[in-house]
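*Asks:* Quick one: this structure, given as structure tokens, is what I'll be asking you about.
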Amino acid sequence: MRTLQKEYPIHWLEEIINKILDKNLSEITLATGKTPSGHIHMGILRELIICDSIRRKLEENRKKINFFLFIDSLDAAKRFPEYIDKTFTKKYLGKPFSKIPCPVDETGYNSYADYFGTELISTFKQFGIKADVIWTHELYQDIIMKDKIRISLNNTDKIKEIFRKNILPTLDEKNRKLFIDTQKNWFPAMVICEKCGKMQKIDENGSIKPNRVLSYDKNKDTVSFSCTSCGNSGEITINKGELKLNWRVDWPAKWAIFKTTCEPAGKDHSVKGGSYDTGLEICKIIFNYDGPIKLSYEWLRLGDQDMKTSKGIIFTPKKYLKIADPEILRMLFLRTPPNKHISFRLEELYQLYDYYEKMENVYYDIEHANSETEEKFLKYIYPLCQTSRISTKKPLRLPFKYLTTIVQLKTILKIEGIYEKAKKILRYKGFDENLPFNDFETQLNRAQKWINEIKDILKNEKNESIKRKILNKVTIFEVPDNVSENIKNNLSLTQKLGIKLLKMFLISNKDLSDEVIQNKIFDIAKNELKIKPQKLFKTIYLIIIGKEFGPRLGPFLLMLDKDWLINRLSIE
RNA sequence: GGGCUUGUGGCGCAGUCAGGUAGCGCAACGGGCUUUUAACCCGCAGGUCGGGGGUUCAACUCCCCUCAAGCCCGCCA
């Protein structure tokens with residue numbers, strides 16, 4: 001019996017929001033973080049968009065919200081992506097990203113971290129994300145962080161114990177010994193060498209030797225260290241700001257400083273024995289703060305591959321924006337439960353736009369969802385997908401399919417013609433507003449970029465069956481510059497006559513409507529040529545786009561440049 | 001060696017937390033719209049819910065085992 005049904009939240013976000021509200025805080029802090037080790041791929045947007053949505057929801061509840069993005073600019077470079085000049089590797093490996101120069105010849109960037117961090121941040125406005133950025137290298141100059149370093153050093157033994165408790169059970173025999181061994185002389189902080197600027201040494205085999213703190217003198221407020229890279233050794237005061245906490249301690253220190261209420265974490269962090277768990281315990285025991293609510297999420301994959309900054313499998317938010325609307329990505333992240341991985345496939349953009357259209361229609365009560373649950377769900381996420389103010393009426397939007405079709409015909413169409421057609425489509429769909437030409441052009445350009453991208457993918461894909469799969473999902477074609485000889489030679493006299501009659505009709509009549517042209521073609525075929533209309537349609541398609549079928553001819557011919565069309569129809 | 005997550009028609013997903021023998025959208029197919037649409041409308045088909053076992057009157061749903069994919073588990077992030 002279902003009489004005593006429990007109320008289940010309409011959306012998974014509500015679960016996390018309820019947990020936050022249960023804490024009854026006057027001020028709520030959301031946090032996300034990313035190391036700027038190269039182009040930051042769009043996977044990071046999953047946590048940013050989730051947090052941003054939580055932010056919006058809580059603001060509806062009139063809560064005071066902070067939302068931070070930590071750019072971990074003080075992290076040391078463990079390796080560089082392929083696209084970074086090889087000379088960088090020798091020179092800067094082991095240095096913090098904030099102390100490595102901008103890798104490209106562009107002015108206005110202070111560092112490697114600045115360059116890649118800014119690339120990400122600059123897309124926030126378009127994605128509708130409102131987050132404050134905190135650069136870790138700056139944070140480490142702050143007295144409050146230095147204090148956390150002191151606390152950590154003072155509690156080294158307790159920290160070690162927490163690690164032992166959490167990590168040891170997950171290790172096998174061999175690693176267990178290794179772990180116990182490294183713990184013997186271990187402090188939870190590293191030093192940036194004043195001489196060579198490095199914080200760690202990375203061996204050929206990838207293993208890392210950090211400039212670990214060797215001893216801590218509480219009274220003098222100094223630590224001693226020995227640089228694994230240049231051999232320099234000595235003492236340094238904590239006040240100098242050249243120390244960095246170990247990741248597993250650094251994270252909870254930030255939580256404690258900013259009183260983080262909730263922070264999402266990629267699945268790599270949120271596994272048992274991982275840094276989130278040990279972080280929570282350190283946060284509580286060492287820093288005396290309860291720590292954030294954990295929200296783990298799966299990764300965004302590019303096709304069937306994980307996006308790896310280091311392997312060059314990247315798709316940046318910036319690149320995404322050139323191809324598709326930001327609302328679509330927000331939707332993708334918001335509709336998918338966080339524990340499911342998402343395979344982002346460009347060739348499936350049609351489907352995403354379809355879903356969006358449906359969601360939008362449901363939101364504006366133009367159509368209904370299949371169930372009440374779905375209706376509520378869609379109405380819940382729609383506002384969260386928006387990147388600017390939500391309009392009271394359904395916004396102007398050209399069908400994605402129309403855009404991608406028309407853009408492939410752009411070479412033979414007059415832009416004004418397409419524009420008029422676009423406006424007509426919008427009127428037909430019930431909009432009475434005007435479509436600004438600039439908006440139209442932007443959308444057209446996006447579609448063009450998408451087509452180019454798909455073509456690139458097809459070009460690089462060797463596997464025929466995968467190729468076919470992609471082609472199954474998209475409609476890619478090309479308009480030939482000229483009518484091929486093959487097509488010309490195969491035209492019968494009747495077909496040629498039909499073309500000629502159409503041409504004459506177009507020349508001698510002005511201001512034709514699509515309806516009239518459509519009917520005229522039919523008329524020519526049926527009454528003048530005495531052939532099946534299909535045959536004439538086929539002929540016209542062949543001549544214009546080199547294929548046997550195409551868009552409804554009346555409106556299509558109207559969109560073409562008239563002189564071009566008449567010239568094209570001049571088949572001898 | 002240990003652990004976590006995911007696996008539902010060709011594709012993308014819902015349904016799993018409250019057990020009652022599967023839904024949706026694309027694609028495909030057929031038809032209509034005096035074309036054969038990359039507009040639209042109507043219709044049809046397609047799944048032993050990764051596999052095996054158990055609990056139950058009843059399992060996609062709970063339990064156990066197993067396979068596949070991905071991730072984490074010294075340092076580092």
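The values are calculated or read from the model by the stated rules, or taken from the named source; none is laboratory data. Please read all numbers here as calculations on a predicted model, not as lab measurements. As a convention, Cβ positions derive from the backbone with ideal geometry for all residues, glycine included, and neighbour counts pool all protein chains shown. Accessible surface areas use protein heavy atoms only, side chains included; no ligands, DNA or RNA. Shrake-Rupley method; radii C 1.70, N 1.55, O 1.52, S 1.80 Å.
*Asks:* Going by the structure shown, is A:LYS244 at pLDDT below 95, basic (Lys, Arg) and within 9 Å of RNA strand B (Cβ to nearest atom)?
*Replies:* So A:LYS244 does not fit the description; no.
*Asks:* Can you tell me how many residues within segment A:531-541 are of a type in the set (Val, Ile, Thr) and either near RNA strand B (Cβ under 7 Å from one of its atoms) or not in a helix (DSSP H, G or I) (or both)?
*Replies:* Counting residues in segment A:531-541 that are of a type in the set (Val, Ile, Thr) and either near RNA strand B (Cβ under 7 Å from one of its atoms) or not in a helix (DSSP H, G or I) (or both) gives 1.
*Asks:* Let me ask you something else. Got at least one residue in segment A:86-96 being touching an Asp or Glu at 6+ places or on another chain (Cβ under 8 Å) and modelled with pLDDT of 95 or more?
*Replies:* Yes, segment A:86-96 contains a residue that is touching an Asp or Glu at 6+ places or on another chain (Cβ under 8 Å) and modelled with pLDDT of 95 or more.
*Asks:* Which ranges mark the strands (runs of 3 or more DSSP E) fully within segment A:165-239 that have 3 or more residues being out of contact with any strand residue (DSSP E or B) (no Cβ under 9 Å at 6 or more places or on another chain) and either modelled with pLDDT under 95 or within 16 Å of RNA strand B (Cβ to nearest atom) (or both)?
*Replies:* none
*Asks:* When you go through (1) of a type outside the set (Gly, Ala, Ser); (2) open to solvent by less than 20 Å² (accessible area, probe 1.4 Å); (3) at pLDDT 95 or above one by one for A:ILE257, which number turns out not to apply?
*Replies:* Checking A:ILE257 against (1) of a type outside the set (Gly, Ala, Ser); (2) open to solvent by less than 20 Å² (accessible area, probe 1.4 Å); (3) at pLDDT 95 or above, the one that fails is (2).
*Asks:* Look through segment A:351-375, keep the residues that are near RNA strand B (Cβ under 7 Å from one of its atoms) and surrounded by 15 or more Cβ atoms within 10 Å (Cβ to Cβ), and return whichever of them is nearest to A:HIS11 (Cα to Cα).
*Replies:* A:GLU374
*Asks:* Given (1) under 24 Å from the mean Cα position of the chain (by Cα); (2) open to solvent by 10 Å² or more (accessible area, probe 1.4 Å); (3) not aliphatic (A, V, I, L, M), identify the lone condition not met by A:SER26.
*Replies:* (1)
*Asks:* Looking at A:THR316, A:THR261 in this structure, which one is hydroxyl-bearing (Ser, Thr, Tyr) and either over 25 Å from the mean Cα position of the chain (by Cα) or not assigned by TED's automatic domain parsing to the domain that holds A:SER53 (or both)?
*Replies:* Only one candidate qualifies: A:THR316.
*Asks:* Quick one: what pairs do we get from segment A:514-530, first residue among the aliphatic types (A, V, I, L, M) and in a helix (DSSP H, G or I), second open to solvent by 80 Å² or more (accessible area, probe 1.4 Å) and near RNA strand B (Cβ under 7 Å from one of its atoms), C-beta under 7 Å, 6+ apart or different chains?
*Replies:* A:ALA525/A:LYS535
*Asks:* Can we say A:GLY303 is open to solvent by less than 40 Å² (accessible area, probe 1.4 Å), within 25 Å of A:ASN339 (Cα to Cα) and free of Cβ contacts under 8 Å to residues at least 60 places away in the same chain?
*Replies:* yes
*Asks:* Does A:LYS91 meet the test of being of a type in the set (Lys, Arg) and assigned to a loop (DSSP other than H, G, I, E, B)?
*Replies:* No.
*Asks:* Scan segment A:402-423 for residues that are within 14 Å of RNA strand B (Cβ to nearest atom) and surrounded by fewer than 13 Cβ atoms within 10 Å (Cβ to Cβ) and jot them down.
*Replies:* Scanning segment A:402-423 gives a single hit, A:THR411.
*Asks:* Could you tell me how many of the residues in segment A:263-273 are out of contact with any Asp or Glu (no Cβ under 7 Å at 6 or more places or on another chain) and within 9 Å of RNA strand B (Cβ to nearest atom)?
*Replies:* Total meeting the criteria: 7.
*Asks:* Among A:SER465, A:SER388, which is farther than 30 Å from A:ILE521 by Cα, open to solvent by less than 100 Å² (accessible area, probe 1.4 Å) and either within 16 Å of RNA strand B (Cβ to nearest atom) or not in a loop (DSSP other than H, G, I, E, B) (or both)?
*Replies:* A:SER465
*Asks:* Being farther than 18 Å from A:GLY279 by Cβ and charged (D, E, K, R) is the filter here, so list the residues in segment A:158-177 that pass it.
*Replies:* A:ASP172, A:GLU173, A:LYS174, A:ARG176, A:LYS177, listed by residue number.
*Asks:* Still on this model: With the condition kept exactly as written, say whether any residue in segment A:128-147 is of a type outside the set (Gly, Ala, Ser), open to solvent by 40 Å² or more (accessible area, probe 1.4 Å) and over 23 Å from A:TRP251 (Cα atoms).
*Replies:* no
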